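A.B. asks: Okay, handing you the structure first.
Here, each number is a calculation from the coordinates, and none is a lab measurement. Quick caveat: nothing in here was measured; it's all calculated off a predicted structure. Methodologically, a virtual Cβ is constructed for each residue, glycine included, from the backbone with ideal geometry; neighbour enumeration extends over all protein chains shown.
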Amino acid sequence: MADRVGIVAVAQTKFDQKHEEHLTETLVRVTKDVMKQTGLEFKDDGTGIDSTVAASQDYFGGLGGIHLHYAYTVGAYKRPDDRVEEDGALAVAYGAMQVLSGHHDVVLVIGHIKESACSKNQVENLGMDHVYGRKIGLDFVAAAGMQAMRYQHKYGITPEQCAKVVVKNRTNGRNNPLVMYANGITIEDVLNSEMVADPLRALEIKPNPVDGAVAMILASEDKAKKITDKPVWITGMGMCYDHHELGYRDLADCDALVSAAQMAYKMAGIKDPVKELDLAEVSEHCAYQELLWSEGLGFCGKGEGGKLIDKGTTSMGGELPVNPSGGLLSGVPLCVAGIQRVAECVLQLRGEAGGRQVSGAKKALAHGVEGPAGQLHCVITLEK
Amino acid sequence: MAERIAITGVGQTHHKSKRTDVNTPELVTEAVEAALEDAQLTMKDIDFVVLTSFEMADGQYLPDLWVVPEFGGVGKPGFKIQNAGTSGGVAAGAAFSYAASGMFKNVLCVSWQKMDEGKGAFGRGGGGLSEYWQSQIPFSPITNFARRAFAYIHNSGCTEEHFGITRVKQDQCAMKNPYAQLKLGLTLEKVMESAVLVWPIRFLHMCPSTCGAGVFIVSPEKQAKKVTKKPVWVEDWFCVHVGGAFTMAEDPTLSTLRYGCQTVYKRCGITNPLKDIQAFEIYEPASPAELRWMEEVGVCEDWTAWKLMEEGKVGIDKEIPFNPSGGVTATNPIGATPVIRIIEAALQIRGDAGEHQVPHTVNRALATGYGGQGENVIILLRKSY
């Protein structure tokens with residue numbers, strides 16, 4: 001990339017069920033937090049925050065254009081305010097693009113969702129095509145079940161290897177005070193949990209419902225250096241669509257993620273991700289996905305995701321720790337997931353990740369995904 | 001802006017209230033193919049896709065996922081943006097940003113709405129309303145524009161007939177637009193006879209439910225000049241969202257349209273909008289709104305637009321070329337509507353609007369997107385630098 005975009009502040013809520021809090025209150029807390037960290041305010045003369053980009057979902061809020069109604073509560077009133085209705089990583093990418101286009105210098109990016117207000121599988125059923133997918137009752141978990149089946153069948157990935165991902169991430173999550181599903185479970189616990197969508201068991205699926213929000217401020221290189229002495233730079237971005245119709249792809253592979261990763265690596269000049277990256281925060285809505293996405297991201301060859309976890313490469317202390325934060329399996333809301341992955345990378349690169357810190361982290365990768373069986377991927381690389 | 005950008009191709013569907021012959025992806029593909037043909041490009045040339053539709057009016061969660069493969073978007077980078085009524089406007093802004101970064105050659109902006117499959121009224125009724133009190137009362141775009149129209153009568157001294165005259169003018173323009181949905185051959189009597197929904201809004205004053213799509217291609221300067229001999233330059237764009245403005249203590253008539261236009265005019269050195277801009281495509285979801293929008297865009301003094309309308313000074317070949325396409329009261333595929341405004345404005349600049357082409361040279365054209373209770377996106381296009 002010609003210019004660099006800096007992330008100058010991040011804030012996250014605790015990820016739990018916020019039955020007694022309106023989503024606007026959650027939003028205000030994270031937004032005020034990043035504004036306090038940077039001393040920036042909403043301004044229309046170019047001396048503060050120029051624009052807002054949000055990630056949220058109408059169907060989960062039950063309101064058409066939900067963000068239109070919530071933005072002003074944080075002070076984003078009478079100003080540019082866009083909403084990306086996808087995984088939050090894509091909102092970060094668009095925020096960065098607003099800066100790279102030269103149209104804005106300082107952009108607030110927020111991700112918010114209240115899963116507890118809605119039935120996730122009902123909404124996701126509405127995300128399948130009208131003609132076929134919706135009528136046979138498919139949702140994203142059922143689609144993931146089919147993908148897991150195909151992936152395990154084609155490459156001999158074992159249920160134990162998938163269960164290891166859950167154990168690793170929930171163990172990592174114990175060092176993350178913001179997640180509430182991090183506990184000391186064993187492989188047996190995972191393999192004995194209820195079957196949800198064969199071969200996926202309950203503990204292999206991202207806990208639901210979880211509510212929360214994340215905010216961050218992006219700035220052009222010049223401004224970022226003035227705002228903070230610890231900017232984290234976005235060095236590469238890539239995204240890619242795959243087929244919607246599950247039968248049109250080989251679900252055991254993730255071609256769209258390969259393209260998205262290559263696009264980001266090319267921008268960032270990364271040739272060997274395992275050697276060059278110090279950590280990755282990957283969106284595993286289900287356990288097998290961390291293995292499959294690791295293949296797509298080039299952390300190992302095709303079909304080698306199982307060996308990768310067996311070798312311990314992706315554990316804390318391994319060559320490339322994946323999801324030191326505990327990942328989605330420790331309980332992170334969908335949609336917020338992507339921006340939260342970026343936020344976790346920022347904390348790591350600033351050396352502020354507390355008990356989950358990867359020592360000496362200089363380069364990190366954040367990944368977000370949307371759609372059934374990973375239809376739309378987004379990869380963002382970051383550097384200290 | 002890092003790079004100058006230009007629109008190199010546009011395409012839209014023939015808009016209809018129902019399209020039971022196609023599904024959403026097929027509908028969208030019609031417009032994508034039209035835009036590609038217009039630019040003489042193929043999907044191979046497209047290196048980024050921005051999509052938008054107002055989800056709830058489609059009745060589909062993440063409809064982009066279903067739509068993308070149909071027109072050949074598999075393997076392309078892209079994403080969907082959505083902000084209810086302004087969806088098309090913010091999506092255009094996103095496409096402009098991606099093109100202006102200089103990192104992509106041909107950015108495809110794809111917008112649509114298929115309202116025969118979703119619950120449009122539900123989507124619109126819930127658009128940006130507080131679940132605590134606004135959605136508990138019958139507050140919808142109809143009541144919103146009734147409130148505005150009522151205030152307009154009160155402040156300007158016009159009569160209900162002036163809204164009817166405005167509707168007839170809109171219909172006369174739409175009659176000349178091959179893509180418009182409602183071409184009714186209206187007379188003032190017909191409009192005044194139509195049922196009152198919420199006074200002074202009558203049935204014929206409100207925009208229809210529409211199935212339709214609008215697509216354009218935008219490129220950085222060098223590429224744009226390669227693609228077309230008639231690039232339409234994007235001079236500036238500005239999004240003004242206010243969210244729950246109606247509930248704010250501030251004067252509710254303080255318009256985002258006025259503020260947005262003033263911001264863009266200032267940045268682009270426009271001092272006399274009616275002189276400096278030769279065609280206007282403004283998102284007016286109800287016919288009375290067009291009068292107030294004319295004033296807020298700055299083509300006439302406050303509370304005088306109705307007189308100009310009465311005197312017949314507004315129209316395709318008139319002093320004030322406001323909504324030559326027939327506008328939104330004739331055609332409203334919500335998510336696509338702001339993009340269609342941009343497409344129509346671009347066609348006016350190119351001189352390719354056909355029967356509804358304004359007769360004079362259009363050096364600059366203004367397009368807007370409206371949504372919620374008063375959200376606006378303002379887009380200024382120009383013929384040359």
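A.B. asks: Quick one: 3J(HN,Hα) in Hz for the range A:101-117, Karplus 6.51/-1.76/1.60 with θ = phi - 60°, rounded, Gly and Pro as x.
C.D. replies: 6, x, 6, 9, 9, 10, 10, 8, 10, 10, x, 8, 6, 10, 4, 6, 8
A.B. asks: Further question: Hey, rough spin-label estimate for A:H153 and A:N121, points 7 angstrom out along Cα→Cβ, what's it come to in nanometres?
C.D. replies: Rounded to a tenth, the inter-label distance reads 2.2 nm.
A.B. asks: I need the shape label for the range B:248-336. Rule: rounded when a/c is under 1.5, else prolate if a/b > b/c, else oblate, with a, b, c from the alpha carbon gyration tensor.
C.D. replies: Cα axes put the range B:248-336 in the rounded bin.
A.B. asks: How far apart, in nanometres, would the label points at B:K229 and A:Y132 be if each is projected 7 angstrom from Cα along the Cα-to-Cβ direction?
C.D. replies: Reported label-point gap for B:K229 and A:Y132 is 4.5 nm.
A.B. asks: A further question follows. Rounded, prolate or oblate: which fits the range B:289-377 when a ≥ b ≥ c are the square roots of the eigenvalues of the alpha-carbon gyration tensor, with rounded for a/c under 1.5 and prolate only if a/b beats b/c?
C.D. replies: Oblate is the answer for the range B:289-377, as a/c is 1.5 or above yet b/c matches or exceeds a/b.
A.B. asks: Related question: Sticking to Cα atoms, compute the Rg of the range B:328-385 to one decimal and its Dmax as the biggest Cα-Cα distance, whole number, in Å.
C.D. replies: 12.2, 35
A.B. asks: Just report the Cα centroid separation between the range A:52-92 and the range A:172-188, whole Å.
C.D. replies: Their Cα centres are 30 Å away from one another.
A.B. asks: Also, quick follow-up: Which order do the peptides B:105-111, A:117-123, B:220-226 come out in when sorted by mean C-beta neighbours inside 10 angstrom, highest first?
C.D. replies: B:105-111, B:220-226, A:117-123
A.B. asks: Evaluate Rg over Rh across the range A:81-197, taking Cα atoms for both radii and Kirkwood's formula for Rh.
C.D. replies: When Rh is taken as the Kirkwood radius, the ratio is 1.06.
A.B. asks: GluC sites (Glu not before Pro) within the range A:338-384: which are DSSP loop residues with at most 14 other Cβ atoms inside 10 Å?
C.D. replies: A:E352
A.B. asks: Still on this model: Please list, by residue number, every one of the GluC sites (Glu not before Pro) in the range B:251-319 that is coil in DSSP and has at most 12 other beta-carbon atoms within 10 Å.
C.D. replies: Hits after loop and neighbour filter: B:E301, B:E311.
A.B. asks: Can you work out the Karplus-derived ³J(HN,Hα) for every residue in the range A:239-254? Use 6.51 cos²θ - 1.76 cosθ + 1.60 with θ = phi - 60°, whole Hz, and x for glycine or proline.
C.D. replies: Couplings: 8, 6, 8, 10, 5, 7, 5, 4, x, 7, 10, 8, 5, 6, 10, 10 Hz.
A.B. asks: Only counting other Cβ atoms within 10 Å, I'd like B:Y283, B:Y265 sorted with the fewest neighbours first. Could you put the intermediate results ahead of the total?
C.D. replies: On the way: B:Y283 28, B:Y265 21.
So the ranking, lowest neighbour count to highest, is B:Y265, B:Y283.
A.B. asks: If each DSSP helix of 4+ residues adds -39,500 (n - 2.57) and the sum is divided by the residues in chain A, what number results at 222 nm, nearest 500 deg cm²/dmol? Don't skip to the end; give the middle numbers.
C.D. replies: On the way: 14 runs with 136 residues, N = 384.
Taken over chain A, the calculation gives -10500 deg cm²/dmol.
A.B. asks: Per residue of chain B, what 222 nm ellipticity follows from adding -39500 (n - 2.57) for every DSSP H run with n ≥ 4, rounded to the nearest 500?
C.D. replies: Value at 222 nm, helices only: -10500 deg cm²/dmol.
A.B. asks: Tell me the Rg and the Dmax, in Å, that the Cα atoms of the range B:151-233 produce.
C.D. replies: Final numbers for Rg and Dmax: 19.0, 54 Å.
A.B. asks: Report, in debye and to the nearest 20, how large the dipole of chain B comes out about its Cα centre when Lys and Arg carry +1 and Asp and Glu carry -1 on their Cβ. The partial results should precede the final answer.
C.D. replies: Numbers: 37 positive and 42 negative charges, 144 e Å.
The dipole magnitude comes to about 700 debye.
A.B. asks: How large is the Kirkwood hydrodynamic radius of the range A:314-384, in angstrom, based on all distinct alpha carbon pairs?
C.D. replies: Numbers: mean 1/r = 0.0794 Å⁻¹.
It works out to 12.6 Å.
A.B. asks: Per residue of A:90-102, count partner chain C-beta atoms within 10 Å of its C-beta, then hand back the mean as an integer. Before the final figure, lay out the partial values.
C.D. replies: Details: counts 5, 2, 0, 3, 8, 1, 2, 9, 7, 3, 7, 14, 7.
Average per residue, whole number: 5.
A.B. asks: For the range A:120-278, restrict the atom set to alpha-carbon positions and state the Rg and Dmax in Å.
C.D. replies: 19.4, 55
A.B. asks: Please build a GNM for chain A, connecting alpha carbons under 10 Å apart, and tell me which residue among A:G127, A:G360, A:G236 fluctuates the most.
C.D. replies: A:G360
A.B. asks: Along the three principal axes, how long is chain B when you take its alpha carbons, biggest first, rounded to the nearest angstrom?
C.D. replies: Computed over the Cα atoms, the extents are 55, 43, 42 Å.
A.B. asks: Sticking with this structure for a sec: Can you work out the Karplus-derived ³J(HN,Hα) for every residue in the range B:215-229? Use 6.51 cos²θ - 1.76 cosθ + 1.60 with θ = phi - 60°, whole Hz, and x for glycine or proline.
C.D. replies: Residue by residue, the range B:215-229 yields 9, 9, 10, 10, 9, x, 3, 4, 5, 4, 5, 6, 6, 9, 7 Hz.
A.B. asks: If you don't mind, there's one more thing I want to ask. Treating only the Cβ atoms of Lys and Arg (+1) and Asp and Glu (-1) as charged, compute the dipole magnitude of the protein assembly as shown about its Cα centre; round to the nearest 20 debye.
C.D. replies: 1120 debye
A.B. asks: Say the cut-off is 28 Å between C-alpha atoms; which of A:K120/A:K230; A:K266/A:K302; A:K363/B:K76 go over it? Kindly include the intermediate steps, with their values, before the conclusion.
C.D. replies: Working: A:K120/A:K230 38 Å; A:K266/A:K302 20 Å; A:K363/B:K76 26 Å.
Among A:K120/A:K230; A:K266/A:K302; A:K363/B:K76, the Cα-Cα distance tops 28 Å for A:K120/A:K230.
A.B. asks: Quick one: which residues, 5 or more positions from A:T235 or on another chain, have an amide H under 5 Å from its amide H? H modelled 1.01 Å from N in the peptide plane, none for Pro or chain starts.
C.D. replies: Correct list: A:T381, A:L382, A:E383.
A.B. asks: Full-extension gain between B:E161 and B:S384, please, as 0.36 nm times their residue separation minus the C-alpha to C-alpha distance.
C.D. replies: Stretched out fully, the B:E161 to B:S384 stretch lengthens by 76.2 nm.
A.B. asks: Using a Gaussian network model of chain A with C-alpha springs under 10 Å, which one of A:I157, A:I185, A:I113 is most mobile by mean-square fluctuation?
C.D. replies: Among A:I157, A:I185, A:I113, the largest GNM mean-square fluctuation belongs to A:I185.
A.B. asks: Now, a different point. Modelled label-to-label distance, B:L274 and A:R174, 7 Å Cα→beta-carbon offset: nm?
C.D. replies: Result: 7.5 nm between the two label points.
A.B. asks: Take the Cα atoms of chain A, find their three principal axes, and give me the spread along each one in whole Å, biggest first.
C.D. replies: Rounded to whole Å, the extents work out to 58, 44, 38 Å.
A.B. asks: Using the Kirkwood formula over every pair of different C-alpha atoms, what hydrodynamic radius in Å results for the range A:266-384?
C.D. replies: About 14.1 Å, per the Kirkwood formula over Cα pairs.
A.B. asks: Which of the lysines could a cross-linker bridge to B:K230, judged by Cα under 24 Å and excluding same-chain residues fewer than eight apart?
C.D. replies: B:K44, B:K105, B:K176, B:K222, B:K275, B:K383
A.B. asks: How do the peptides B:40-52, B:229-241 rank, highest first, by the average count of neighbouring beta carbon atoms within 10 Å per residue? Spell out each step's value before the answer.
C.D. replies: Values: B:40-52: 20.7, B:229-241: 22.5.
The peptides rank, most packed first, as B:229-241, B:40-52.
A.B. asks: Enumerate the whole-percent occupancy of each 10 Å bin, from 0 to the last occupied one, for all C-alpha pair distances of the protein assembly as shown.
C.D. replies: 3, 16, 26, 26, 17, 8, 3, 1, 0
A.B. asks: With the dipole of the range B:140-202 worked out from charges on the C-beta (+1 for Lys and Arg, -1 for Asp and Glu) around the Cα centre, which of B:S140, B:T159, B:A180 lies farthest toward the positive end?
C.D. replies: My answer, from the dipole projection, is B:A180.
A.B. asks: Here's another thing I want to ask about it. Say we join alpha carbon atoms closer than 10 Å with springs in a Gaussian network model of chain B; which of B:H14, B:H154, B:H162 then has the biggest fluctuation?
C.D. replies: Result for chain B, Cα springs under 10 Å: B:H154 fluctuates most.
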